[in-house]
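Have a look at the structure below before the remarks.
The values are calculated or read from the model by the stated rules, or taken from the named source; none is laboratory data. Computed from a predicted model, the values in this text were never measured in an experiment. Because the Cβ atoms are built from the backbone with ideal geometry, glycine has one as well, and the counts that use them run over all protein chains shown.
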Amino acid sequence: MAASLEGRSPFLDHEVAQFALRLPVAFRVRGARLKAVLRDAYRDRLPREVIEGRKRGFEVPLAAWLDGDLRDLVGDALLAPDARIAAYVEPAFVRAVVEGAAMRERNRAGLVYALLMLELWLRESRS
């Protein structure tokens, strides 16, 4: 994707990313297979189907989390008077998305999550 924001938990640690980028390409890519080092490192710990398998999507109950346990965090972060996201996204639109008035429910959770991640990233990167 040309413009997206995704969380990739195992690779969020900047020291892990820096280490991986210092590795020779031959360690990272073997033929057409990516992530050769990871595959080798976990070959004796994971089933063969996982190591040799194709990439698969992984769905999480995002809407349930955002409307449940994370509801207060969403409101406190995105609707705060000092929300940093307001410099980039119209606050009225953010409020409409958070309150569920801006779009079909099916697409709302992904947008709320993206806005939340952007807000939290802006706070972290400018502190």
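A few notes on this one:
- Any hit, segment 98-107, residues being at pLDDT 90 or above, surrounded by 13 or more Cβ atoms within 10 Å (Cβ to Cβ) and either outside any helix (DSSP H, G or I) or not assigned by TED's automatic domain parsing to the domain that holds LYS35 (or both): yes
- Residue within segment 56-71 that is in contact (Cβ under 8 Å) with a residue 12 or more places away in the chain, over 30 Å from ARG108 (Cα atoms), touching a Leu at 6+ places or on another chain (Cβ under 9 Å) and surrounded by 10 or more Cβ atoms within 10 Å (Cβ to Cβ) present: no
- Test for ALA36: is it over 19 Å from the mean Cα position of the chain (by Cα), modelled with pLDDT under 85 and surrounded by 10 or more Cβ atoms within 10 Å (Cβ to Cβ): yes
- Residue check for ARG84: surrounded by 11 or more Cβ atoms within 10 Å (Cβ to Cβ), among the basic types (Lys, Arg) and at pLDDT 95 or above: yes
- Look at segment 35-47: where a residue is under 16 Å from LEU21 (Cα atoms) and a partner is among the aromatic types (Phe, Trp, Tyr) and in a helix (DSSP H, G or I), sitting 6+ places away or on another chain with Cβ atoms under 6 Å, you get VAL37/PHE27.
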